[in-house]
Structures are given as C-alpha cells and as structure tokens.
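Student: If you scroll down you'll find the structure; I have some questions about it.
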Amino acid sequence: MWSANGSHCERTGGNGAAVSDVRVREQVLRLLEQVGSGLAPIVQAGDPVLRAVALPYDGELVPEELDALLALMFRTMAAAPGVGLAAPQIGLGVALAVVQDPGVGLPELEAVRERTPLAPRVLVNPRYSPVDGRTVGFYEGCLSVEGYAAVVARHHGVNLVGWDERGRPFDEVLTGWPARIVQHETDHLGGTLYLDKAEIRSLAASAGWGGHWALEPVPRTAAAELGFPLP
C-alpha cells in the first residue's frame, strides 16, 4: 500500500541498495511546469517508456502535486479523445492511470458490447485477474498507436484490485466494456500494448476500414473478410 500523505519513500532493489524515487517526483513536476494548464504530449509506440514496467506509485507526490497530475491526465485523455490514459503514455513510468467512458450514444452497439458508462476514476497500482474463462473480441484502438484499430480478445469479466488517488483500496468485479478499458490501461503499466494481444489480420486504419469495421456491434464481417478468428 502506498503512503497517501505524500511522504518520501525509498524502495529496496534486488541487490539490497536503496532505490530513490525522487526521480518520479522530479519528472512529474517538470512535466507540470512544461505544460501548465495545457495538455501533455501523448507518447507514441516505439518509445521505450511504453515497453517498461512502471514503478509502483508509493506516495512520491504531495496531494496537491498528485491532483495536478491527475487533472492533466484527465484533460489530455478527454481532448484526445479517449476513455483511458496511463502515465507511461505521457512519458511517466509510474503505475497510475485514469479512465472515463460516457458511451458512444449508439444503443445497439452499447448493448452488444455491454458498454455501460464508466464514471471518472483513478487507478493506482492496479492489477486484474479473470473471473471466468469467457473472452470476447472487439475492435479497440490506443492513443499511443495513432491511426489504427484491431480486434483484441479480452476477458469478459475481471477482478480489479488497487487503490484510488487517496490511498483507499478497491477490490471489485467489472464486466463488459468497463472490464476491457481497465485491462487495456493496466496492461500499459506492465509494458504491454494492445497490439501484443490483437488479431493482426484485423488491423485497419482508423480513418478508413477501421472506422467502418468498428461500427459493427460484433466484428463478424471483418473476421470473415479479413480472415481472423473471433472468440
């Protein structure tokens, strides 16, 4: 569990040496100073920060600093627009993510995909595990892989554990599209991009065929015409 009062913490590395996390705070403060009330640049695939395992957050920031960082992440996510953003996507290798999904206003699509609204929330050091053996495949994209979408088979339901921005633990089950969102963002914190789990034959340009295929509630036509399996 992390220290919610923002006190400085040190971790012990595998060689027994103290590993200072001052650099986490320095990186955050530098980014906040650079962007001010604007938006953070979103890191794109190929940047090593997206392939590194993020450091667990352990209260390196005082509450005001953490609040400012999270506000920046929510602004950046909304402007993109997206439904989730992990700290590595703005160049910070720390295990924080924000999520929010108001839905898309297409009743049939939302019903089939179980895309229920997801209120704004913060995930600190999240982990997930499947709650059953069911997987579902839908098109998804990523703010760090601009211009493309692909079908990803993900767990229909997951048990999500972690902490919120004030250090309060949560342990809950999510299903449908909310489960997909938290899997996608938590994967970022482990250095995994959605393309690592995608059906590569489904890959399509978002501005063209990707947008077309993504409108089908279940991508059966795309699977038939592009030649990939659906779970």
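The values are calculated or read from the model by the stated rules, or taken from the named source; none is laboratory data. Treat the numbers as computed from the prediction; the structure is a model and nothing was measured. Counting neighbours? That spans all protein chains shown, and the Cβs are built from the backbone with ideal geometry, glycine included.
Student: Could you tell me how many of the residues in the range 143-154 are in a loop (DSSP other than H, G, I, E, B) and surrounded by fewer than 16 Cβ atoms within 10 Å (Cβ to Cβ)?
Tutor: Going residue by residue through the range 143-154, those that are in a loop (DSSP other than H, G, I, E, B) are 143-147.
Narrowing further to those that are surrounded by fewer than 16 Cβ atoms within 10 Å (Cβ to Cβ): 146-147.
So the count comes out to 2.
Student: Between residues in the range 21-33 that are polar (S, T, N, Q) and residues that are buried (at least 18 other Cβ atoms within 10 Å of the Cβ), which pairs lie under 6 Å by C-beta distance while being six or more apart or on different chains?
Tutor: Sorted first by the residue in the range 21-33, then by its partner, the pairs are 27/92.
Student: Residue pairs, Cβ under 8 Å, 6 or more apart or interchain, first in the range 37-54 and more than 18 Å from residue 81 (Cα to Cα), second in a loop (DSSP other than H, G, I, E, B) and among the β-branched types (Val, Ile, Thr). List them.
Tutor: Taking only residues 6 or more apart or on different chains, the pairs are 49/43; 50/43.
Student: I'd like to check something: does the range 8-23 contain any residue that is in a loop (DSSP other than H, G, I, E, B), at pLDDT below 95 and either of a type in the set (Phe, Trp, Tyr) or under 19 Å from residue 97 (Cβ atoms) (or both)? Quick ask: steps written out before the conclusion?
Tutor: Within the range 8-23, the first condition is being in a loop (DSSP other than H, G, I, E, B), and the residues that meet it are 8-9, 13-17, 21.
Filter again for at pLDDT below 95, leaving 8-9, 13-17, 21.
Next, only the ones that are either of a type in the set (Phe, Trp, Tyr) or under 19 Å from residue 97 (Cβ atoms) (or both) stay: 21.
Looking through the range 8-23, at least one residue is in a loop (DSSP other than H, G, I, E, B), at pLDDT below 95 and either of a type in the set (Phe, Trp, Tyr) or under 19 Å from residue 97 (Cβ atoms) (or both).
Student: Let me ask something else. Given the structure, is residue 140 closer than 29 Å to residue 229 by Cβ, surrounded by 14 or more Cβ atoms within 10 Å (Cβ to Cβ) and modelled with pLDDT under 95? Before the answer, list the steps.
Tutor: Numbers: closer than 29 Å to residue 229 by Cβ: yes; surrounded by 14 or more Cβ atoms within 10 Å (Cβ to Cβ): yes; modelled with pLDDT under 95: no.
In short, no.
Student: Got a sec? Which of 158, 151, 104, 122 is at pLDDT below 95 and in contact with a helix residue (DSSP H, G or I) (Cβ under 8 Å, 6 or more places away or on another chain)? Step through it out loud before you land on a result.
Tutor: Values: 158 fails: at pLDDT below 95; 151 fails: at pLDDT below 95; 122 fails: at pLDDT below 95.
Step by step, each of 158, 151, 104, 122 is checked, and only 104 is at pLDDT below 95 and in contact with a helix residue (DSSP H, G or I) (Cβ under 8 Å, 6 or more places away or on another chain).
Student: Of all the residues that make up the range 155-200, how many are β-branched (Val, Ile, Thr), buried (at least 22 other Cβ atoms within 10 Å of the Cβ) and either more than 25 Å from residue 144 (Cβ to Cβ) or touching a Phe, Trp or Tyr at 6+ places or on another chain (Cβ under 7 Å) (or both)?
Tutor: Taking the range 155-200 and keeping what is β-branched (Val, Ile, Thr), we get 158, 161, 173, 175, 181-182, 186, 192, 200.
The next check asks that each one be buried (at least 22 other Cβ atoms within 10 Å of the Cβ); those that pass are 158, 181-182, 186.
In the following step, the residues that additionally are either more than 25 Å from residue 144 (Cβ to Cβ) or touching a Phe, Trp or Tyr at 6+ places or on another chain (Cβ under 7 Å) (or both) were identified as 158, 182, 186.
So the count comes out to 3.
Student: Return the pair list, or none, for Cβ contacts closer than 7 Å from residues in the range 150-170 that are under 15 Å from residue 98 (Cα atoms) to residues that are assigned to a strand (DSSP E or B) and modelled with pLDDT under 95, at least 6 apart or on different chains.
Tutor: none
Student: Another question, then. Is the range 194-203 home to any residue that is within 28 Å of residue 55 (Cα to Cα) and part of a strand (DSSP E or B)?
Tutor: Of all residues in the range 194-203, those within 28 Å of residue 55 (Cα to Cα) come to 194-198.
Pick out the ones that are also part of a strand (DSSP E or B) and you get 198.
Yes.
Student: Taking the range 105-121 on its own, how many of its residues are part of a loop (DSSP other than H, G, I, E, B) and surrounded by 14 or more Cβ atoms within 10 Å (Cβ to Cβ)? Show your work before the answer.
Tutor: The first filter runs over the range 105-121 and keeps only residues part of a loop (DSSP other than H, G, I, E, B), leaving 105-106, 113-117.
Imposing the further condition that a residue be surrounded by 14 or more Cβ atoms within 10 Å (Cβ to Cβ) reduces the set to 113-116.
Qualifying residue count, the range 105-121: 4.
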